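The values are calculated or read from the model by the stated rules, or taken from the named source; none is laboratory data. A quick note: this is a predicted structure, and the numbers were derived from the prediction, not measured. Heads up, the Cβs are rebuilt from the backbone with ideal geometry, glycines too, and the neighbour counts pull from every protein chain shown.
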Amino acid sequence: MSDLMSDPVIRLDSVALCYRLAQQRLGSFKEYLIHMVKGSLTYEQLWALRGVDLIVTQGEMVGIIGPNGAGKSTLAKVITGVLKPTEGQREVRGTIAPILELTTGFDYELTGYENIFLNALLLGRRRVEIDERLESIIEFSGLGKFIHSPIRNYSSGMVARLGFSIATAWVPDVLILDEALAVGDARFLKRCQTRMSELREAGATTILISHATDMLRDYCTRCVWLDQGVVQADGPPGDVLDRYNEAMSQARTVPDQQASPDSAVVSLDG
Amino acid sequence: MHELYKYRDLIKTLVIRDLKVRYRRSAIGFLWTMLQPLLMMLVLHLVFSTVFRFDLPNYPVYVLAGILFWNFFQQSIITSMNSLKGNAPILQKLPVPMAIFPLSTVISGVVNLALAMIPLFGILIATGHPLTSTLFFLPVSILIMAAFTLGAGLLLSPLAVFFSDVIELIGVVMILLMYLTPIFYPVSIAEKHKFGWVVTYSPVRAIMEVFRDPIYLNKIPGPAMLGVSTFVAVAALILGYVVFRRSSDRIPFYF
């Protein structure tokens, strides 16, 4: 393990990601054909990420901060492997436990117990592995006897607790948390933080996306400030967060000149 | 392929989930799978044996085998077509191989078909229909049916994500195909008509006969039917695989 310490776990090499939003409502195949024949198929290109370089080594705890629409969630999806970068290279070593939303991968008609299997299998676990950890997952979720009732009867906090228990039951190589801890009460938050520290000691690398600057300051070893899809700053949490807060308070006093992300209208076939 | 094998436990769980969720809140549960084709058979039997009079011995077996084929064929194609769209929240957030979803819907279709065949055997016995060893050919027939519908699902599920009207279109095509396939009428009726060849040489009919012949005619399907159905099944599977592979990177962008 130790000789791999310096090897990057996550490597993003000038990653750019473009959402192509059709200008016309292209909900239907008929409209698509009409526009294609007329050569009037235009798209708005929205670059959610541009030239992002990121190298994360094992055991780091990287906080990602930025205003709404900065590209934080897109970045999380690229690291997870859900979205393929339009340009550039992505490389992630080992298993990933993405918690982009604690309610993802649940079937509300099934019981909490049945959902443990469904959810963990979606995270790429084998059935035998789940059997091994079943007790501890139920224990950590604190759901008690409710584990055998359908989760449509759960509160959102209960679903979130179950989701977190499942995703962190195994030590992943990379743990990605996107605003996931915003739900849940203070006591559960405390347990989550303890669990995250344990995972880190066990060798996990963590990416934490949050607006809670205090939490990032306390927990992260490093912070990345993302704005309009570009990395603005990358370094020790104290420095990055101070600069970020300063920029944000300035933006509040000075009217924003470029509120909308740059976009270009490009005509295909034209 | 390798990826899919790694996720075999997930596929199994999704199939069981499908079956569980389908019947969880119904009073008689999975008995519906068996009852629905029987009621359908009863209705068609009443209509076509008394009102129209087809020249078909043991019409209930003829029509029930056809209904079982059609239910599988249609439901398998429609549900696998919708499977990516329906699982959008998962596909937006978790890196799972997407082909798992159309695949598991086709597998649960096969399980449903197997359940629905239990009353078919009841009808065979009740009507005194001969039970011969040709019934052992049925697993091959079902494999061909499953391969074709999986191919169709792999082809249509990305298209359904890109264009919402594909779902409407296929719904209409399915109704058309149902009438163009000799499920509840004999092929001899179509053959009298100028455009009867559409029915006679339909590949869907070939796939159906491969399933119905061992049950109704007590014979192994002939080389023509077997050849055509195997060919279209393999072709659909290859086409579906190619389209699915080429479009899977773009799918999460369209949810």
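Give the residue that is surrounded by the most Cβ atoms within 10 Å (Cβ to Cβ), with candidates limited to residues of segment B:157-198 that are among the hydroxyl-bearing types (S, T, Y) and in a helix (DSSP H, G or I).
Filtering segment B:157-198 for residues that are among the hydroxyl-bearing types (S, T, Y) and in a helix (DSSP H, G or I), the one surrounded by the most Cβ atoms within 10 Å (Cβ to Cβ) comes out as B:S157.
Which condition does B:D249 not pass, out of (1) in a helix (DSSP H, G or I); (2) under 30 Å from B:P89 (Cα atoms); (3) without any contact (Cβ under 8 Å) to a residue 24 or more places away in the chain, if it passes all the others?
Only one criterion is unmet by B:D249, namely (1).
Just to verify a result, which residue in segment B:1-14, among those that are surrounded by 15 or more Cβ atoms within 10 Å (Cβ to Cβ) and over 18 Å from A:Y113 (Cβ atoms), is nearest to the other protein chains (Cβ to nearest Cβ)?
If we take residues in segment B:1-14 being surrounded by 15 or more Cβ atoms within 10 Å (Cβ to Cβ) and over 18 Å from A:Y113 (Cβ atoms), then B:Y7 is nearest to the other protein chains (Cβ to nearest Cβ).
For segment A:166-178, what are the residues that are in contact (Cβ under 8 Å) with a residue 40 or more places away in the chain and either under 19 Å from A:R125 (Cα atoms) or surrounded by fewer than 22 Cβ atoms within 10 Å (Cβ to Cβ) (or both)?
Within segment A:166-178, A:I166, A:A167, A:T168, A:A169, A:W170, A:P172, A:D173, A:V174, A:L175, A:I176, A:L177 meet the criteria.
Kindly evaluate B:P203 against the criterion of being within 28 Å of B:A99 (Cβ to Cβ), modelled with pLDDT of 95 or more and within 14 Å of chain A (Cβ to nearest Cβ).
No: the conditions fail for B:P203.
I'm told A:P98 meets every condition in (1) over 16 Å from B:D18 (Cα atoms); (2) more than 8 Å from every other protein chain (Cβ to nearest Cβ); (3) in contact with a strand residue (DSSP E or B) (Cβ under 6 Å, 6 or more places away or on another chain) except one. Can you identify the failing condition by its number?
With respect to (1) over 16 Å from B:D18 (Cα atoms); (2) more than 8 Å from every other protein chain (Cβ to nearest Cβ); (3) in contact with a strand residue (DSSP E or B) (Cβ under 6 Å, 6 or more places away or on another chain), A:P98 is out only on (2).
Condition check ((1) under 23 Å from A:I207 (Cβ atoms); (2) outside the structural domain of A:S197 (by TED's automatic domain parsing); (3) in contact with a strand residue (DSSP E or B) (Cβ under 8 Å, 6 or more places away or on another chain); (4) outside any helix (DSSP H, G or I)) across all residues:
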| site | (1), (2), (3), (4) |
| --- | --- |
| A:Y113 | no, yes, no, no |
| A:F117 | no, yes, no, no |
| A:A120 | yes, yes, no, no |
| A:G124 | yes, yes, no, yes |
| A:I130 | no, yes, no, no |
| A:I137 | yes, yes, no, no |
| A:F140 | yes, yes, no, no |
| A:I147 | no, yes, yes, no |
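How about segment B:33-62: which of its residues are within 30 Å of A:D107 (Cα to Cα) and surrounded by fewer than 16 Cβ atoms within 10 Å (Cβ to Cβ)?
B:L35, B:Q36
Of everything in segment A:68-95, what is within 11 Å of chain B (Cβ to nearest Cβ) and part of a loop (DSSP other than H, G, I, E, B)? Give them in sequence order.
A:G81, A:V82, A:L83, A:K84, A:P85, A:T86, A:T95
Please find, among B:L115, B:L150, B:L143, B:L154, the residue that is surrounded by fewer than 16 Cβ atoms within 10 Å (Cβ to Cβ), more than 14 Å from chain A (Cβ to nearest Cβ), at pLDDT 95 or above and part of a helix (DSSP H, G or I).
Exactly one residue qualifies, and that residue is B:L143.
One residue is enough: does segment A:104-114 have a residue meeting the conditions closer than 24 Å to B:P89 by Cα, acidic (D, E), within 14 Å of chain B (Cβ to nearest Cβ) and under 19 Å from the mean Cα position of the chain (by Cα)?
Within segment A:104-114, none of the residues are closer than 24 Å to B:P89 by Cα, acidic (D, E), within 14 Å of chain B (Cβ to nearest Cβ) and under 19 Å from the mean Cα position of the chain (by Cα).
List pairs: first in segment A:191-220 and in the same structural domain as A:G71 (by TED's automatic domain parsing) and within 14 Å of A:V171 (Cα to Cα), second polar (S, T, N, Q) and surrounded by fewer than 20 Cβ atoms within 10 Å (Cβ to Cβ), Cβ under 7 Å, 6+ apart or cross-chain?
Here the result reads none, with nothing in segment A:191-220 linked to a residue that is polar (S, T, N, Q) and surrounded by fewer than 20 Cβ atoms within 10 Å (Cβ to Cβ).
For residues that are at pLDDT 70 or above and outside any helix (DSSP H, G or I), tally how many sit in segment A:29-47.
So the count comes out to 5.
Going by what's in this entry, would B:K85 be described as among the charged types (D, E, K, R), touching a residue at least 12 places away in the same chain (Cβ under 8 Å) and under 26 Å from B:I238 (Cα atoms)?
In short, yes.
Quick one: is B:G109 in a helix (DSSP H, G or I), touching a Ser or Thr at 6+ places or on another chain (Cβ under 6 Å) and modelled with pLDDT of 95 or more?
Yes, satisfied.
Could you list, in sequence order, all residues of segment A:234-261 that are part of a helix (DSSP H, G or I) and at pLDDT 90 or above?
Answer for segment A:234-261, where residues must be part of a helix (DSSP H, G or I) and at pLDDT 90 or above: A:P237, A:G238, A:D239, A:V240, A:L241, A:D242, A:R243, A:Y244, A:N245, A:E246, A:A247.
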